[in-house]
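Supplied in structure tokens, the structure appears directly below.
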Amino acid sequence: MAREPRGRRTWRIARWAAVVLAVAAIGVVLLLKSAPDPYRRTEPMGVDREALRQFNTGVVNQVGNVLLDESGGTRLDLAITEPMINARIAQFLADEIRAGRAVPPALEHLRVGFEPGVVVLATRLGGGWSSVVVSQRLRLEADDAGRLVVRPVGASAGRLPLPLAPLEPLRQAAAQALEQAPGEAAGDEDDVSRLWRAVLDALDGEPVFLGSGKRRIALEDVEVERGTLRVTGHRSER
């Protein structure tokens, strides 16, 4: 049997290599352009009046009641759903825009999702063909002192894994938005703003108490299931 000429064999190998590389490149693009499930689930969520009512009743009022009860008898028992948290974020951003304050794109497209064991922060960066959803998975825990501990456990661009690193631009944008808020300027932050700030501080890697001074909450347990974050605790003056 006649051997295939060397030049033709080399060309055939190169052609197949090009096909393999093209398929691999398409696969990478598809992974990058495919948003993770928590973002696809939460992206349509916005200012939902019923979800806002539930957030105000189930989170704002409850956190305030726990902090105000000097006896420590009022327990914290939060069940925060994805519609609740994303409606509150959307309302905050709408208030910022209405007040004429700039909202960075990374913050404008922020969504929060809850998956078993992790909280997912995700935002859409870029626009058009270059648009990609970048997400960070975080594990929230309560340490023995009742402080909130936040541990990054994974990041991705689309569905393509990235090295473990917090979404620093997103964290900075959220911190800047809190600094611009009227309550901060007047030195009169509400309990929910303090809660957001505590979570942002925890992203720096240090355990933090929720609240400040004697008005703080000691966490007992933090559980995350699909669609819901559950937090229990009590007021502490330690």
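The values are calculated or read from the model by the stated rules, or taken from the named source; none is laboratory data. Since the model is a prediction, treat every value here as computed from it, not as a measurement. Cβ atoms come from the backbone with ideal geometry, glycine included; neighbour counts cover every protein chain shown.
Among the residues of segment 140-168, what is the count of those that are modelled with pLDDT under 80, surrounded by 13 or more Cβ atoms within 10 Å (Cβ to Cβ), on the phi < 0 side of the Ramachandran plot and in a loop (DSSP other than H, G, I, E, B)?
Residues meeting the conditions: 3.
Further question: If I filter segment 118-130 down to residues being surrounded by 14 or more Cβ atoms within 10 Å (Cβ to Cβ) and over 13 Å from Asn86 (Cβ atoms), which single residue comes out as nearest to the chain's Cα centre (by Cα)? Talk me through it step by step, then tell me what you get.
Of the residues in segment 118-130, the ones surrounded by 14 or more Cβ atoms within 10 Å (Cβ to Cβ) are 118-125.
Still in the list and also over 13 Å from Asn86 (Cβ atoms): 118, 124-125.
Working: Val118: 10, Arg124: 12, Leu125: 14 Å.
Going through the qualifying residues, I end up with Val118.
Condition check ((1) outside the structural domain of Gly46 (by TED's automatic domain parsing); (2) charged (D, E, K, R); (3) without any contact (Cβ under 8 Å) to a residue 60 or more places away in the chain) across all residues:
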position: Gly113; (1), (2), (3): no, no, no
position: Pro116; (1), (2), (3): no, no, no
position: Leu121; (1), (2), (3): no, no, yes
position: Gly126; (1), (2), (3): no, no, yes
position: Val133; (1), (2), (3): no, no, no
position: Glu141; (1), (2), (3): no, yes, no
position: Arg147; (1), (2), (3): no, yes, no
position: Val150; (1), (2), (3): no, no, yes
position: Val153; (1), (2), (3): no, no, yes
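Just checking, how many residues over segment 45-62 are in a loop (DSSP other than H, G, I, E, B) and acidic (Asp, Glu)?
Number of matching residues: 1.
Check whether at least one residue in segment 68-79 is at pLDDT below 90 and outside any loop (DSSP other than H, G, I, E, B), and report yes or no.
yes
Count, please, the residues in segment 111-139 that happen to be outside any helix (DSSP H, G or I) and either farther than 21 Å from Gly205 by Cα or not aliphatic (A, V, I, L, M) (or both).
Number of matching residues: 18.
Here is a further query. Does Ala177 count as modelled with pLDDT of 70 or more, of a type in the set (Gly, Ala, Ser), under 25 Å from Arg41 (Cβ atoms) and in contact with a helix residue (DSSP H, G or I) (Cβ under 7 Å, 6 or more places away or on another chain)?
Considered against the rule, which asks whether it is modelled with pLDDT of 70 or more, of a type in the set (Gly, Ala, Ser), under 25 Å from Arg41 (Cβ atoms) and in contact with a helix residue (DSSP H, G or I) (Cβ under 7 Å, 6 or more places away or on another chain), Ala177 comes out as no.
Kindly indicate whether Arg40 is modelled with pLDDT of 85 or more, assigned by TED's automatic domain parsing to the domain that holds Phe92, touching a strand residue (DSSP E or B) at 6+ places or on another chain (Cβ under 9 Å) and surrounded by 10 or more Cβ atoms within 10 Å (Cβ to Cβ). Talk me through it step by step, then tell me what you get.
On the way: modelled with pLDDT of 85 or more: yes; assigned by TED's automatic domain parsing to the domain that holds Phe92: yes; touching a strand residue (DSSP E or B) at 6+ places or on another chain (Cβ under 9 Å): yes; surrounded by 10 or more Cβ atoms within 10 Å (Cβ to Cβ): yes.
Criteria met by Arg40.
Being at pLDDT below 80 and touching a Ser or Thr at 6+ places or on another chain (Cβ under 8 Å), is that true of even one residue in segment 50-58? Steps first, please.
As a first pass, look at segment 50-58 and keep what is at pLDDT below 80: none.
Among the residues of segment 50-58, not one is at pLDDT below 80 and touching a Ser or Thr at 6+ places or on another chain (Cβ under 8 Å), which makes the answer no.
Pick out the one residue from Ala106, Ala94, Ala102 that is free of Cβ contacts under 8 Å to residues at least 12 places away in the same chain and assigned by TED's automatic domain parsing to the domain that holds Pro44.
The unique qualifying residue is Ala102.
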